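Colleague: I'd like to ask you about the structure that follows.
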Amino acid sequence: MARRMIWAALAGCVLAGLSTPKAQAANWADSLFAERSHNFGPVPRGAKVKHEFVLNNRLAEPVTILNLRPSCGCTSGKASTSNVGPGESAVVEAQMDTRNFLGHKATILFVTLVTASGREAEVRLNVVSNILADIVLNPGSIDFGAVLKGQGASQTLTIDRINGRDWRFERMVSGSRALTAQLVETKRDPNGSVSYKLEVGVKSDAPAGPLREEIRLLSNDRETPSIPIMVTGWVRGDLTASPSLLTMGEVNSTEGKQGRFVIRASKPFAITQVDGAGDGFSIAPPDAAKKTLHMLTVAYKPEEGTTRGDLRRIFRVSTDIPGEPPLDLTATLHVAP
């Protein structure tokens, strides 16, 4: 009996020793997020909703967001950057598409993190929603795609509800200066069916750059007081780059890689500054001459202690074109073990 107790105690010590590194790994990674769960509450069927989880790097070394993996096809993730230095922050956006579900829906976005010293851990970001059967958005969001600066654009979305005899929208809320929005009731019948049409436009003076806005429709329904409408797109200025995403392939520990962006404008311009070099990435000095086409060469060579796996780098290109915002260029590659 005593021998069994000794073996049980030893086994417990061994198991505790084996589980400690995993617990510690989870703890350091989990602690970087201010929150790890979000409840969207009641959501119309067809809606696309998003929530931004903030990662604050409190460590003394850089952290790489290595991978985002959803537990369900209805969920997707996007990180504002893949490399987060000490004291810096990043946003991990979790988006849920409700077209194919009804009722309670809970999913997980798994975020794989790795430090410069090689510590790796996975964080679980949980999102929950209650998808309504009696309110339907069509389409679930508004995506303008690419819009040429100065030309504007418009799209329409419909909101339909059954059994909503007294239901109505009271106002809209949006903090965007680039959009216009008009909401019109199009149907209200004795059976309780109600329909609205929402027309959203991009203003002709909208600044160049990404559009990622949200319009909230506020109703008199206490159970569903707010319906979010996601609006996305890209206002394209005079400055363009090809490719939009530079894929540099695989790099092993002994060799480097090069790639090129072609940057164009309708009038001659000069590149005044390029930010983003470092951590093995370098930029060839751009030509100082004014011309309508510039070649920008990006190079990568692994340094000692370089993080392995998938890397993503954003380079910000500034020019002397009046009123033109900087152009963000993205390069990706895979560093082999």
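The values are calculated or read from the model by the stated rules, or taken from the named source; none is laboratory data. In this text the structure is predicted, and so the values were computed from the model without any measurement. FYI the Cβ positions are ideal-geometry reconstructions off the backbone, even for glycines, and counts take in every protein chain you see. Accessible surface areas use protein heavy atoms only, side chains included; no ligands, DNA or RNA. Shrake-Rupley method; radii C 1.70, N 1.55, O 1.52, S 1.80 Å.
Colleague: Can you name every residue in the stretch 168-184 that is assigned to a strand (DSSP E or B) and open to solvent by 80 Å² or more (accessible area, probe 1.4 Å)?
Modeller: Selection gives GLU170, ARG171, GLN182.
Colleague: Suppose we keep only residues that are over 26 Å from the mean Cα position of the chain (by Cα) and among the aliphatic types (A, V, I, L, M) within the stretch 258-282. Which one would you say is surrounded by the fewest Cβ atoms within 10 Å (Cβ to Cβ)?
Modeller: Once the filter is applied, the top-ranked residue is ALA270.
Colleague: Any idea which of GLU93, GLU120 is free of Cβ contacts under 8 Å to residues at least 60 places away in the same chain, closer than 30 Å to PRO62 by Cβ and in contact with a strand residue (DSSP E or B) (Cβ under 8 Å, 6 or more places away or on another chain)?
Modeller: Among GLU93, GLU120, only GLU93 is free of Cβ contacts under 8 Å to residues at least 60 places away in the same chain, closer than 30 Å to PRO62 by Cβ and in contact with a strand residue (DSSP E or B) (Cβ under 8 Å, 6 or more places away or on another chain).
Colleague: Right, next: Is it the case that PHE101 is out of contact with any Ser or Thr (no Cβ under 6 Å at 6 or more places or on another chain), surrounded by fewer than 18 Cβ atoms within 10 Å (Cβ to Cβ), aromatic (Phe, Trp, Tyr) and not in a strand (DSSP E or B)?
Modeller: yes
Colleague: Which residue out of GLU199, GLU214, GLU255 is out of contact with any Leu (no Cβ under 9 Å at 6 or more places or on another chain), of a type outside the set (A, V, I, L, M) and under 27 Å from SER174 (Cα atoms)?
Modeller: It is GLU214.
Colleague: Scan the stretch 245-257 and tell me whether some residue there is among the β-branched types (Val, Ile, Thr), open to solvent by less than 70 Å² (accessible area, probe 1.4 Å) and at pLDDT below 85.
Modeller: Among the residues of the stretch 245-257, at least one is among the β-branched types (Val, Ile, Thr), open to solvent by less than 70 Å² (accessible area, probe 1.4 Å) and at pLDDT below 85, which makes the answer yes.
Colleague: Within the stretch 283-336, track down each residue that is part of a loop (DSSP other than H, G, I, E, B), at negative phi and open to solvent by less than 70 Å² (accessible area, probe 1.4 Å).
Modeller: Hits for the stretch 283-336 are ALA284, PRO286, ALA289, PRO302, THR306, THR307, ASP320, ILE321, GLU324, PRO325, PRO326, ALA336.
Colleague: Residues being open to solvent by 50 Å² or more (accessible area, probe 1.4 Å), farther than 26 Å from LEU148 by Cβ and among the acidic types (Asp, Glu): count how many of those fall in the stretch 189-243.
Modeller: So the count comes out to 1.
Colleague: Here is a check on your reading of the model: is ALA60 part of a loop (DSSP other than H, G, I, E, B) and aliphatic (A, V, I, L, M)?
Modeller: Taking the combined requirement at face value, the residue satisfies it.
Colleague: Checking ALA106 against (1) over 15 Å from the mean Cα position of the chain (by Cα); (2) touching a residue at least 24 places away in the same chain (Cβ under 8 Å); (3) not in a loop (DSSP other than H, G, I, E, B), which single condition isn't satisfied?
Modeller: The one condition ALA106 does not meet is (2).
Colleague: Right, something else. Report every pair of residues separated by at least 6 positions or lying on different chains whose Cβ atoms are under 9 Å apart, first residue within the stretch 159-173 and on the phi > 0 side of the Ramachandran plot, second surrounded by fewer than 17 Cβ atoms within 10 Å (Cβ to Cβ) and among the polar types (S, T, N, Q).
Modeller: Every condition considered, the pairs that remain are ASN163/ASN191; ASN163/SER193.
Colleague: Here's another thing I want to ask about it. Kindly indicate whether any position in the stretch 319-326 is of a type in the set (Gly, Ala, Ser) and farther than 30 Å from ASP143 by Cα.
Modeller: Within the stretch 319-326, not a single residue is of a type in the set (Gly, Ala, Ser) and farther than 30 Å from ASP143 by Cα.
Colleague: Output the residues belonging to the stretch 67-78 that are open to solvent by 40 Å² or more (accessible area, probe 1.4 Å), of a type outside the set (Ser, Thr, Tyr) and touching a strand residue (DSSP E or B) at 6+ places or on another chain (Cβ under 7 Å).
Modeller: Within the stretch 67-78, ASN67, LEU68, ARG69, PRO70, LYS78 meet the criteria.
Colleague: Go through (1) surrounded by fewer than 14 Cβ atoms within 10 Å (Cβ to Cβ); (2) touching a His at 6+ places or on another chain (Cβ under 7 Å) for GLY87 and report which single condition fails.
Modeller: The failed condition is (2).
Colleague: Hey, ALA270 hits all of (1) at pLDDT 90 or above; (2) under 21 Å from GLY85 (Cα atoms); (3) among the small types (Gly, Ala, Ser) but one; which does it fall short on?
Modeller: Looking at each condition in turn, ALA270 falls short on (2).
Colleague: Do you know which residues across the stretch 230-250 are out of contact with any Gly (no Cβ under 9 Å at 6 or more places or on another chain) and among the aliphatic types (A, V, I, L, M)?
Modeller: Of everything in the stretch 230-250, those that are out of contact with any Gly (no Cβ under 9 Å at 6 or more places or on another chain) and among the aliphatic types (A, V, I, L, M) turn out to be VAL231, LEU239, ALA241, LEU245.
Colleague: Let me ask another. From the list THR112, THR158, which one is surrounded by fewer than 20 Cβ atoms within 10 Å (Cβ to Cβ), closer than 21 Å to LEU179 by Cβ and modelled with pLDDT of 90 or more?
Modeller: The match here is THR158.
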